[in-house]
Amino acid sequence: MPKLIIPGGSGFLGLQLARHFGAKGWMVYILSRQQKASEGNIHYLHWDGKTLGAWAKEIDGADALVNMAGRTVNCRYNETNKKQILDSRIDSTRILGEAVAQATKKPKVWINSSSATIYQDTRGNLAANNEYDGKVGTDFSMNICKAWEKEFKAAPSDSVRKIALRSAIVIGKEPGGAMEYLINLSKLWLGGTQGSGQQFISWVHLEDFGRIVEFLIEQEHISGVINCAAPNPVTNQTFMKELRNAVGRSWGLPIPKFLLEVGAIFLRTQTELVLKSRKVVSKRLEEEGFQFKYATIQTAFKEICEK
């Protein structure tokens, strides 16, 4: 039975990834600060994300390591939170590097999370950022991603195939994800354009996210940077319009930038998560022949919003 290790896998995305592989007969170990009971062949191991412990022995002999550890960015960007966001990513990647280095039988592949937000704000008719000529910027979020990937690249694991997965927003119907909130807003006629509506949203369906990770594990020649994003990014205006159509609402109350700024304070979040334009595609997945099940936002929303 193949073995997969998912550090930081107890959240929405990690748990769905664990279930994807668990259903295919993999033995999955989630490294988490939370203590949870096993679910079939999905098991939890305690770790703190920065020091070696009993969990490290499971790295030895693992077929794949998919690191998803890192404090959520859905918060106010004050100095305390910014430090925690950075440290949680650097510390976990560094300690995983130590565990991999001491393993007798090292994982065949190590996929480390990154984010499509590493690319500059891209709008209008400008070409989407891809792995070859995407423009990387220098704001807080971009610098976090750059430091994260630098630590991953420096990890002492010469014999291990390494992939930095720059993921777009992952959307799915499962409880706990971003879509649950947006669907409820849209049903209440509040799902209008946010800000100017011209900012792009790069996205990937949850099922395709699991399929991409599986594909990257299977294709033993692939390494380096991979953008995990569907081939058709859309503007916020189109995204919200298609979501309203999917839930049967012809209109939604627009939310101007200044109201988003006020709301972000009360919700303890950051408007960048909504207003930054992320226009990202994957040339490498296209070249490798990966076929998206949900290539358009319409097909994705149809599946997500169906009863």
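The values are calculated or read from the model by the stated rules, or taken from the named source; none is laboratory data. Computed from a predicted structure; not experimentally measured. Methodologically, a virtual Cβ is constructed for each residue, glycine included, from the backbone with ideal geometry; neighbour enumeration extends over all protein chains shown.
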Do we find that residue 112 is more than 20 Å from residue 231 (Cα to Cα) and touching a strand residue (DSSP E or B) at 6+ places or on another chain (Cβ under 7 Å) in this structure? yes
Residue check for residue 151: acidic (Asp, Glu) and under 21 Å from residue 89 (Cα atoms): yes
Going through segment 26-76 one residue at a time, which ones are within 21 Å of residue 220 (Cα to Cα) and either out of contact with any Pro (no Cβ under 6 Å at 6 or more places or on another chain) or buried (at least 18 other Cβ atoms within 10 Å of the Cβ) (or both)? 26, 27, 28, 59, 60, 61, 62, 64, 65, 66, 67, 68
Check every one of the helices (runs of 4 or more DSSP H) wholly within segment 79-193 and list those with 2 or more residues that are over 18 Å from the mean Cα position of the chain (by Cα), of a type in the set (A, V, I, L, M, F, W, C) and on the phi < 0 side of the Ramachandran plot. 79-102, 178-187
Report whether or not residue 186 is in contact with a helix residue (DSSP H, G or I) (Cβ under 6 Å, 6 or more places away or on another chain), touching a residue at least 60 places away in the same chain (Cβ under 8 Å) and within 25 Å of residue 57 (Cα to Cα). no
Could you give every pair whose Cβ atoms fall below 9 Å, whose first residue belongs to segment 274-285 and is hydroxyl-bearing (Ser, Thr, Tyr), and whose second residue is crowded, with 24+ Cβ neighbours inside 10 Å and in a loop (DSSP other than H, G, I, E, B), counting only separations of at least 6 or pairs across chains? 282/229; 282/230
Going through segment 264-290 in order, the residues found to be at pLDDT below 95 and surrounded by fewer than 14 Cβ atoms within 10 Å (Cβ to Cβ) are 265, 266, 267, 268
Restricting attention to segment 39-64, which residues are in contact (Cβ under 8 Å) with a residue 24 or more places away in the chain and touching a helix residue (DSSP H, G or I) at 6+ places or on another chain (Cβ under 7 Å)? 41, 42, 47, 49, 50, 51, 52, 56, 59, 64
Would you check which residues across segment 200-251 are hydroxyl-bearing (Ser, Thr, Tyr), over 15 Å from residue 165 (Cα atoms) and either in a helix (DSSP H, G or I) or under 14 Å from the mean Cα position of the chain (by Cα) (or both) and list them? 238
Filtered residues of segment 291-302 (kept if closer than 23 Å to residue 218 by Cβ and surrounded by 17 or more Cβ atoms within 10 Å (Cβ to Cβ)): 292, 294
Residue list for segment 15-53, filter: part of a loop (DSSP other than H, G, I, E, B) and among the hydroxyl-bearing types (Ser, Thr, Tyr): 38, 51
Of the residues in segment 148-199, those that are under 27 Å from residue 231 (Cβ atoms) and β-branched (Val, Ile, Thr) come to 163, 169, 170, 171, 183, 193
